[in-house]
Amino acid sequence: MEKNTPLTEALFYILLSVRKPNHGYGIIQEVESLTGGRVMLGPGTLYGAIQTMTAKGWIEIYSQETASRKKKEYIITDLGRAVFAQERRRLEELLGNAGLMEGADGQVCTVLRQG
């Protein structure tokens, strides 16, 4: 697998939001809910990311409503799951290494340089 990490925060949350079939507006709502409103995807960001991830084979169209607006639902692929897992491992390593810097009182230690 090519080097696909680090993922942007938007890509990470979009992949998380399509672990079950979801449409664009549903993805926007889920990301906003998961992040407590901190991340709010605009339509341009969302659909640009969807186009990129579809081209890379990370997500695919699950179903498409053929009525007026042609609402599409997307779902993560096996490759997308592998990319997500790779990013999750990377983030867990970062957090684990950050934990090494914590002192007994929970505060981040600083290293003093002598010179």
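Normalised by 2.2 N^0.38 Å, where N counts its residues, the alpha-carbon radius of gyration of the stretch 1-96 equals 1.08. Within the full protein context, the accessible area of Ser17 is estimated at about 0 Å² for a probe radius of 1.4 Å. The lysines within cross-link reach of Lys71, meaning a Cα-to-Cα straight distance under 18 Å and a gap of 8 or more places when in the same chain, are Lys20. A simple spin-label model places the labels of Glu32 and Lys71 1.5 nm from each other, with each point 7 Å out along Cα-to-Cβ.
Largest first, the residues Met40, Met53 sort by 1.4 Å accessible area into Met40, Met53. In the context of the full protein assembly, Arg89 retains an accessible surface of approximately 140 Å², using a probe radius of 1.4 Å and ignoring ligands and nucleic acids.
The values are calculated or read from the model by the stated rules, or taken from the named source; none is laboratory data. Nothing here was measured: the structure is a model prediction, and the numbers come from that model. Here Cβ is always computed from backbone atoms with ideal geometry, including for glycine, and neighbour counts include all displayed protein chains. These area figures cover heavy atoms from the full protein model, side chains too; ligands, DNA and RNA do not enter into them. Shrake-Rupley method; radii C 1.70, N 1.55, O 1.52, S 1.80 Å.
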